[in-house]
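The values are calculated or read from the model by the stated rules, or taken from the named source; none is laboratory data. All figures in this text were calculated on a predicted structure; none of them were measured in a lab. Cβ placement follows ideal geometry from the backbone for every residue including glycine, while neighbour counts extend to all protein chains displayed.
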Amino acid sequence: MTTLRLADTEALPQVFALKQKIEKLSDKGYAFGHQDTTSYGVGWRHDQDAYTSDVYKVIGDFPLVYGFDIGQIEHGKDKNLDDVPFDAMCTLMRKAHKEGGIITISWHADNPVSKGDSWETTIAVKHILEGGSHFQVYKEWLKKVADFLLRLKDENGMLIPVAFRPFHEMNGAWFWWGNPNCSPEGYKALWLQTLQLLSVEFEVHNLLYVYAPNLVFTEAEYLLNYPGDHVVDMLGLDLYQHGTGKAFKKTLKTNVEVLKRVAETLKKPYALTEIGLDKVSESRWWSTILDDTVAEMGIAWVLLWRNDSENHFFVPYPDQLSANDFKTFSQKAHVLFLDDGKV
Ligand code: BMA
């Protein structure tokens, strides 16, 4: 794989280093990621004294990939949409980065036209493109995103590189930036405009840009909204189990194969940027469904979604039904947690 050029033509050296690190992961296996893993878990929330994670509570090691979401930063709020204070988020990112973790950020942005949430699908994309009625609103929101991203510095004042995954699952109908709430052309224009504003206008140069559709069956479907080789650094895919394990395994296999084929053709690293079975109701889900399907497929990571409460969680907490299998899974040499990622 080559790393000669990145979407942001002025990307900092640490972004190139991040890409290389990601590319190397698949030589050893794939990394384990978890959304908000140190921010909260089932029955606890982060405070100044406690640095932990449900993953850590079950296996004694942390994930190698750390997902965070900056939804609500566009309003200059103190907390994100899931009540994580942005100041604490910065601290947690710094710590994860210092320990060798990879940081990835998504953005559940509110609808700039209706001011509803991400799931409020009033037509917005065409109005926030340059020349549109809400371009200025969007630009102001993005400036807040830029300010936050430029706050992410390590202890030496170096900007922390981030795998940035804006406007994800655009081929689903649930977000205002998704088809059919915007056309593929509109989506591509939004991507280019966002990249341009962040990098040129706001001088944010610590981002690796990740394109991540939801469930697909073909390469054409995967590429429907693809904004172009020169403006995407990494390929992602989001996929959740809603039905039986057997059916999901089949879908997952097809999706990973599509992702792998596209990524090999385009010569880009690839990951399952969101995945999971809410409440992990199958005791051997980790070994028999996830690992059995994704091992040796060249993916860089799998990122499990957040552990909000007993009613909404994607990794086990102590004594949860799948905790034992999760331990077995975590001990496999090709499944990489924080300790395995240390160089
Ligand atoms: C969704 C759910 C929501 C959450 C959102 C952003 O998948 O987990 O509860 O607010 O992600 O994290």
* Tell me which residues, restricted to the range 93-108, are in contact with a His (Cβ under 8 Å, 6 or more places away or on another chain) and more than 15 Å from the ligand (Cβ to nearest atom). => Ile103
* Lys115 vs. criteria away from the ligand (no atom under 16 Å from the Cβ), in a loop (DSSP other than H, G, I, E, B) and without any contact (Cβ under 8 Å) to a residue 60 or more places away in the chain -> yes
* **Residues located in the range 278-301, provided they are buried (at least 21 other Cβ atoms within 10 Å of the Cβ) and within 16 Å of the ligand (Cβ to nearest atom)** => Val280
* **Some residue of the range 66-85 being within 16 Å of Arg306 (Cβ to Cβ) and hydroxyl-bearing (Ser, Thr, Tyr)** => yes
* Any hit, the range 60-67, residues being within 13 Å of the ligand (Cβ to nearest atom), surrounded by 21 or more Cβ atoms within 10 Å (Cβ to Cβ) and in contact (Cβ under 8 Å) with a residue 60 or more places away in the chain -> yes
* Residue within the range 9-23 that is more than 14 Å from the ligand (Cβ to nearest atom) and farther than 25 Å from Leu150 by Cβ present -> yes
* For the range 31-55, name all the residues that are crowded, with 18+ Cβ neighbours inside 10 Å, under 25 Å from Leu18 (Cβ atoms) and either within 16 Å of the ligand (Cβ to nearest atom) or more than 15 Å from the chain's Cα centre (by Cα) (or both). => Gly33, His34, Gln35, Asp36, Thr37, Thr38, Ser39, His46, Ser53, Val55
* **The lone exception for Asp78 - which of (1) at pLDDT 95 or above; (2) under 29 Å from Pro269 (Cβ atoms) it fails** => (2)
* Does the range 125-156 hold any residues that are surrounded by 16 or more Cβ atoms within 10 Å (Cβ to Cβ) and assigned to a loop (DSSP other than H, G, I, E, B), and which are they? -> Leu129, Gly132, His134, Leu152
